[in-house]
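Colleague: Would you mind keeping the following structure in view while I ask a few things?
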Amino acid sequence: MMWTALLFGTMINNADAKKAKEGEGIAIEITVLDAETNTPIPTAVVKHSEVDEPARVNESTGAWKESEVFDARGNAHPFEPGNTEQFSISASGYLTTVVAYDVRKRHNVIEIKLQKMTINEDISEDIVLPFLRNEALDGGNSGGGAN
C-alpha cells in the first residue's frame, strides 16, 4: 500500500512538471555553415522577425539555440508547435538568407548554408567622388569673384 501511494505521488509530480512546461516554447537550433567548406561561420548572426537586434551564433559551433525571443518592449515570443517563425541569417562576406520555419513538437534543428558574396574584381577605373564647397562657409559666393 505504501509503494502504491509513493508511485501515485511520483506520477502526480511528473504531471505537474509537464503542465509547468506547457507555456514554455520549443527549442529551435540553427547552425550556420559556409556552403563551400561546410564549416561553421563564427561571425554569423540570427535575427528573428519579432526582434530588432540579431543574436550571435556560438563561435566554435556556428549554432544559435533558443526557445523564445523577446521583442523591443520585452514581451516574450515563445516558439510553439504549429507556428511559422521567420529568421534572417547573415554574416559578413556572405549573402543573407531568410527562412520561414514551421515549428514541430521536437527535433527543430535547422542547418543553413550561406553562399559567399562574389565581388567583381574587374573594376579598372578609380571611383571619383566630387567635393562641393559648402555655401554657408563662403557666404554663398562659390564663384570666387567679388560682387
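The numbers here are math on the coordinates, done by the rules we state, and not lab data. Quick caveat, the model's predicted, so the values are computed rather than measured.
Colleague: Provide, in order from the shortest bin, the percent of all Cα-Cα pairs of region 22-114 in each 10 Å bin, continuing until the bin that contains the maximum pair distance.
Modeller: For region 22-114, the binned pair fractions read 17, 50, 28, 4, 0 percent.
Colleague: Please give the contour-minus-distance gain from residue 105 to residue 120: 0.36 nm per residue of separation, less the Cα-Cα distance, rounded to one decimal in nm. Show your work: numbers first, answer last.
Modeller: Working: separation 15, 0.36 × 15 = 5.40 nm, distance 4.48 nm.
Between residue 105 and residue 120, full extension yields an extra 0.9 nm.
Colleague: In whole angstrom, how long is each semi-axis of the equivalent ellipsoid of region 58-109, when you take the square root of 5 times every eigenvalue of its Cα gyration tensor and sort them from largest down? Walk me through the intermediate numbers first.
Modeller: Values: eigenvalues 86, 45, 32 Å².
Listed largest to smallest, the semi-axes of region 58-109 are 21, 15, 13 Å.
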